[in-house]
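I have placed the structure first, in the form of structure tokens, so that the comments after it can refer back to it.
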Amino acid sequence: MSPRTLDRLNADLITCRRCPRLVAWREQVAVERRAAFRDETYWGRPVAGFGDPDARLVVVGLAPAAHGANRTGRMFTGDRSGEWLYRALHRAGFASQAESTGPDDGLRLADCYVTAVVRCAPPANRPSAAEVASCSDWLVEELGLLSRAAVLVALGGLAFDTLLRLAPRWGWVPPRPRPAFGHGVEADLAGGPRLIACYHPSQQNTFTGRLTEPMLDAVLTRAGEVLAGPGDR
Ligand code: SF4
């Protein structure tokens, strides 16, 4: 049987109901809605990755936000985290515009793809270990199809640790000992891409100054430097 295409994978993904707690939450949020969005129809389903299928830079976040991507249906779109991320990607030359408001806003990514470890909005932004494990199959297949990926930017510790743990499923060998998460930490996945850690642009980090725009820019500049080096993976 021939492998699924990225489009086919995403079409199948958005029908997934494997995690009962997350299915219930994403759908409850979509019915109840936040007052500011009460006139909108929420997506309320798993959120597919977004961007250039030939991307060499892949940004991996945690999960859709309840009133962000779970509302708009596009990864990192419709909340403050996404505003930070796409503004930074625009400054770095990977996004056609700084604004990201919804799937019809005209945003295009070039040489960049944005996805997440878990595809359904979790309560309190905290998926369980079992939910991460369940959703990993989607990520494994998706990253396997992004065959030009040469740099992975992990937003947050959970994405970083999950990518290191899953690396052997793509045939990549993580360094020993495994590096601890920290902003700007890099890991070479032998036989695969360079992994770069970045603090997640959550409001918890951006409001407190733990992550600043120059810090986010520095990670994407570093990603660009790696991409400009010799050869793809
Ligand atoms: S989190 Fe992933 S595995 Fe769980 S229901 Fe959503 S798409 Fe399916």
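Here are a few things to note about the model shown:
- Phi angles of segment 205-213 translate, via the Karplus equation with coefficients 6.51, -1.76, 1.60 and θ = phi - 60°, into HN-Hα couplings of 8, 7, 5, 8, x, 5, 10, 10, 4 Hz per residue; Gly and Pro are given as x.
- Helix-derived mean residue ellipticity, 222 nm - over the chain, DSSP H n ≥ 4, -39500 (n - 2.57), to 500: -11000 deg cm²/dmol
- As a ratio to 2.2 N^0.38 Å, the alpha-carbon radius of gyration computed for the chain takes the value 0.95.
- Two-decimal log10 I(q)/I(0) for segment 190-233, as the Debye equation yields it once each C-alpha is a single scatterer, q = 0.21, 0.30, 0.32 Å⁻¹: -0.72, -1.04, -1.12
- When each of Ser96, Ser134, Ser81, Ser147 is scored by the number of other beta-carbon atoms lying within 10 Å, the sequence from fewest to most is Ser147, Ser96, Ser134, Ser81.
- Stokes-Einstein translational diffusion, segment 6-125 - Kirkwood Rh over all Cα pairs, 1.002 mPa s, 20 °C, in µm²/s: 149 µm²/s
- For segment 69-136 and segment 189-233, distance of Cα centres in Å: 15 Å
- Hz values of 3J(HN,Hα) by residue in segment 140-150 - Karplus curve (6.51, -1.76, 1.60), Gly and Pro given as x: 4, 5, 5, 5, x, 7, 7, 6, 9, 4, 10
- Alpha carbon Rg of segment 121-208, scaled by the compact-globule rule 2.2 N^0.38 Å: 1.10
Every number in this text was worked out from the coordinates using simple rules, so none of it is lab data. Here the structure is a predicted model, which means the values were calculated and not measured. When we count neighbours, we look across all protein chains shown, and the Cβ atoms used for this are built from the backbone with ideal geometry, even at glycine.
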